[in-house]
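The structure under discussion appears below in the form of structure tokens.
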Amino acid sequence: DTGVSQDPRHKITKRGQNVTFRCDPISEHNRLYWYRQTLGQGPEFLTYFQNEAQLEKSRLLSDRFSAERPKGSFSTLEIQRTEQGDSAMYLCASSLGSHDGETQYFGPGTRLLVL
Amino acid sequence: RKEVEQDPGPFNVPEGATVAFNCTYSNSASQSFFWYRQDCRKEPKLLMSVYSSGNEDGRFTAQLNRASQYISLLIRDSKLSDSATYLCVVSHTGGGNKLTFGTGTQLKVEL
């Protein structure tokens, strides 16, 4: 499968624990995006990378959240001291090229439940 | 007010019906427009981009009215397999192509 992959697909954790998600974009896609989707809502933008540079972060991304893309390939999203409000589907997307309007391809998501 | 507004539905229609979804956006700097489809508990998938001249892909027709900041999607001859949530999506110039999604409109096609 040459699409976007995410790991794990599901994560259940207790409040206060740290969690880390991984995203592997489509090979050679230089843009990588993280979104979060809660029940009944559309996905909301969190952050994006062009190659290894993190170019924008949403106000939704509190200081408990950190994302990296160290070699411009896979990316990780870490949430520290999880809260129940962090429960959501975390979606990763990638696109090729750097001009607006490029199609973003989404991974299957990581579904997080914080107890 | 949300940047992209959609009627959440659900729209329950019989197989073979024609159904239309509407969407409005508030950011006049929006430059690119899309409809994504999302099946239950799955990731969003691009259905079609939307152009000012309007565009068609089989049974699906999308229209954009920049003056009214309004986007539409028409589905003709609905199939059971069209049942899904349809997300109206915009991105704007200089925004790093980050996508802004509406809440989605749920469609249920019934026998």
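The values are calculated or read from the model by the stated rules, or taken from the named source; none is laboratory data. Not measured: the values here are computed from a predicted model. Quick reminder, even Gly has a Cβ in these numbers, built from the backbone with ideal geometry, and neighbours come from all protein chains shown.
Quick look at the numbers
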item: Some residue of the stretch A:35-54 being within 13 Å of chain B (Cβ to nearest Cβ), small (Gly, Ala, Ser) and over 25 Å from B:Asp7 (Cα atoms); result: yes
item: Residue, farthest from B:Ser83 (Cα to Cα), within the stretch B:31-53, restricted to residues that are surrounded by 13 or more Cβ atoms within 10 Å (Cβ to Cβ) and of a type in the set (Gly, Ala, Ser); result: B:Ser32
item: When residues of the stretch A:73-115 are limited to those that are modelled with pLDDT of 95 or more and of a type in the set (Asp, Glu), the one farthest from A:Leu32 (Cα to Cα); result: A:Glu83
item: Residue under evaluation B:Gly54, criteria (1) on the phi > 0 side of the Ramachandran plot; (2) under 10 Å from the mean Cα position of the chain (by Cα), criterion not met; result: (2)
item: Qualifying residue in the stretch A:27-41 (condition: of a type in the set (Lys, Arg), more than 24 Å from B:Val90 (Cα to Cα) and touching a residue at least 12 places away in the same chain (Cβ under 8 Å)); result: no
item: Flag for B:Ala84 being more than 30 Å from A:His10 (Cβ to Cβ) and hydrophobic (A, V, I, L, M, F, W, C); result: no
item: Of the criteria (1) part of a loop (DSSP other than H, G, I, E, B); (2) within 12 Å of the chain's Cα centre (by Cα), which one A:Phe45 fails; result: (1)
item: Close pairs from the stretch B:70-95: first touching a residue at least 40 places away in the same chain (Cβ under 8 Å) and surrounded by fewer than 19 Cβ atoms within 10 Å (Cβ to Cβ), partner of a type in the set (Val, Ile, Thr) and part of a loop (DSSP other than H, G, I, E, B), Cβ under 6 Å, at least 6 apart; result: B:Arg76/B:Thr18
item: Among the residues listed as A:Thr82, A:Thr103, the single one being hydroxyl-bearing (Ser, Thr, Tyr) and either more than 14 Å from chain B (Cβ to nearest Cβ) or under 11 Å from the mean Cα position of the chain (by Cα) (or both); result: A:Thr82
item: The lone exception for A:Gly107 - which of (1) in contact (Cβ under 8 Å) with a residue 60 or more places away in the chain; (2) farther than 19 Å from B:Leu99 by Cα it fails; result: (2)
item: Strands (runs of 3 or more DSSP E) completely within the stretch A:53-96 that count 1 or more residues being without any contact (Cβ under 8 Å) to a residue 40 or more places away in the chain, basic (Lys, Arg) and surrounded by 15 or more Cβ atoms within 10 Å (Cβ to Cβ); result: A:53-57
item: Scan of the stretch A:55-68 for residues that are at pLDDT 95 or above and more than 14 Å from chain B (Cβ to nearest Cβ), ordered by number; result: A:Arg64, A:Phe65, A:Ser66, A:Glu68
item: Test: B:Ser28 is more than 27 Å from A:Gly109 (Cα to Cα), among the hydroxyl-bearing types (Ser, Thr, Tyr), more than 11 Å from the chain's Cα centre (by Cα) and surrounded by 15 or more Cβ atoms within 10 Å (Cβ to Cβ); result: no
item: Every residue from the stretch B:92-111 that is at pLDDT 90 or above and in a strand (DSSP E or B); result: B:Thr100, B:Phe101, B:Thr105, B:Gln106, B:Leu107, B:Lys108, B:Val109, B:Glu110
item: Complete set of residues in the stretch B:83-111 that are more than 14 Å from chain A (Cβ to nearest Cβ) and among the small types (Gly, Ala, Ser); result: B:Ser83
